[in-house]
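Take a look at the structure set out below.
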Ligand code: DQA
């Protein structure tokens, strides 16, 4: 049976393709997820996808993930920068969580340079477009052997 991972998107990422395409690209959310699930499969992983615009829903899903998945690739969107509740949820579960960002968060507004989830994630990847998620999936594959 193949290893299961969760690809998790936070607020506003459902609008990928429409939202600030100069920053986030013009590929729509469904097409991004199809690419990611296909990439995961090529590494022998079964990937599920979850998106929510709500902090509590993301926290509930992180809690559920701990028994169902080998790890999580998480783009927490703007929650990255201030959600201590999501940071605590990541700390509470034992599976690895990889922080990813489409844009280079260090090259934008000053508030985006701070991640409150980075210290509790296994690692962080930022600035490579949709490839950031693929690098995250690859890291999960390698670290959960
Ligand atoms: C983002 C960067 C965040 O600062 C922003 O709030 C997002 C997307 C990214 O993928 O580049 O919603 O996480």
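FYI, it's all coordinate maths here, none of it is from the lab. For clarity, every value in this text was computed on a predicted model and none was experimentally measured.
Counting only helical runs of four or more DSSP H residues, what would the 222 nm mean residue ellipticity of the chain come to if each run contributes -39,500 (n - 2.57) and the total is spread over all its residues?
Values: 5 runs with 54 residues, N = 145.
Here the helix-only value at 222 nm equals -11000 deg cm²/dmol.
At a threshold of 8 angstrom on Cα-Cα distance, excluding pairs fewer than six apart, so keeping six or more, what relative contact order does the stretch 1-45 reach in percent? Mind showing how you got there, number by number?
On the way: 25 pairs, mean separation 18.1, N = 45.
Value for the stretch 1-45: 40 percent.
Size check on the chain: the Cα extents along the three principal axes, sorted descending, read 42, 31, 24 Å.
How high is the relative contact order of the stretch 28-145, in percent, with contacts defined as C-alpha pairs under 8 Å that are six or more residues apart?
Values: 159 pairs, mean separation 31.2, N = 118.
Relative contact order of the stretch 28-145: 26 percent.
Projected over all directions and averaged, the alpha-carbon convex hull of the stretch 31-97 occupies 4.7 nm².
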